[in-house]
Amino acid sequence: VHLVESVGGLVQAGGSLRLSCAATGNLFSITVIAWYRQTPGKERELVASINRSGSTVYPVAVKGRFTISSDAGNMVSLQRDSLNPEDGDIYFCKAEPVWPNDSDSWGRGSQVTVAS
């Protein structure tokens, strides 16, 4: 499985952000796709995840601020409205495998900077 995130770039505070994660390869081996964010020097933290049935999970800390969605194909998107500077981070998508012995797949990340 290969994951590629869309380019984030520079966004104005108060604006909206929509990131996409395109998955290629053996899509049937994926059970969950998740979005993470990471501030340099800190661990990655979960933002949202979605499974093959469309069920979503949001950590309490971010619930209501981000929306994850998937299309019928190979794309999973992350939406955030009313951006603030603290939303600036590197955003990664991750594919979790159906089989527990397989490894997770990660994209290379997308840098998002929010200008105040």
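The values are calculated or read from the model by the stated rules, or taken from the named source; none is laboratory data. Every value quoted in this text rests on a predicted model; they were computed, and no experiment measured them. Every residue, glycine as well, gets a Cβ built from its backbone with ideal geometry; the counts of neighbours run over all protein chains shown. We work out accessible area using only protein heavy atoms, side chains counted, and drop any ligands, DNA or RNA first. Shrake-Rupley method; radii C 1.70, N 1.55, O 1.52, S 1.80 Å.
Once amide H atoms are placed 1.01 Å from N in the peptide plane, what residues at a sequence separation of 5 or more from GLY109, or on another chain, have their amide H within under 5 Å of its amide H?
GLU5, CYS93
Sequence gap at least 6, Cα distance under 8 Å: using those rules, report the relative contact order of the chain to the nearest whole percent.
Once divided by the residue count of the chain, the mean separation gives 38 percent.
For the chain, with only Lys/Arg (+1) and Asp/Glu (-1) charged at the beta-carbon, what is the dipole magnitude about the Cα centre, in debye rounded to 20?
With Lys and Arg at +1 and Asp and Glu at -1, about 100 debye.
Ignoring ligands, DNA and RNA, what percent of the accessible area of the chain is carbon or sulfur (1.4 Å)?
51
What residue among VAL60, VAL98, VAL32 has the largest mean-square fluctuation in a Gaussian network model of the chain, using Cα springs under 10 Å?
Result: VAL60 has the largest fluctuation of those listed.
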